[in-house]
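These notes are about the structure you will find just below.
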Amino acid sequence: MAHYRQILLHCYFHRLTQLVIQSLMIALSMIMGHPGYYNAAIDEIFVNRLIPMMFSHVVTSKRAPEEALTQADQEVRKIYDKWRSEGKI
C-alpha cells in the first residue's frame, strides 16, 4: 500500500512541477525583448519556440537542465550572430 502512495505522490509533484514550469514559460514568452527593443533575432527565437522547447525538454526528462540551457544558449547565440552579420541588429 505504501508503494502506491509513493507513486501517487510522485505523480502529483511531477504534475505540479510541470504546471509551475509552464506558467513560467508563459510569463517569459510574453515579455520578449524587454527591457530592450523587439528585433529580428528575438522574433526568430520566439517563432522557433526555443525557450518553451528548452523547458519542455527538462520537464519531459529528455535533457538535464544544464544541458537544455547550454543547447538553447548556443542556438540563441547563432541566431544573434546571423542577424548581426546581416546588420539588422
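The values are calculated or read from the model by the stated rules, or taken from the named source; none is laboratory data. Source: prediction; values computed, not measured. So basically every Cβ, Gly included, is an ideal-geometry build from the backbone, and we count neighbours across all protein chains shown.
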State all residues of the stretch 42-82 that are at pLDDT below 90 and over 23 Å from S23 (Cβ atoms); if no residue qualifies, say none. D43
Answer residue from the stretch 43-77, given it is surrounded by 12 or more Cβ atoms within 10 Å (Cβ to Cβ) and charged (D, E, K, R) and is nearest to M25 (Cα to Cα) among those: R49
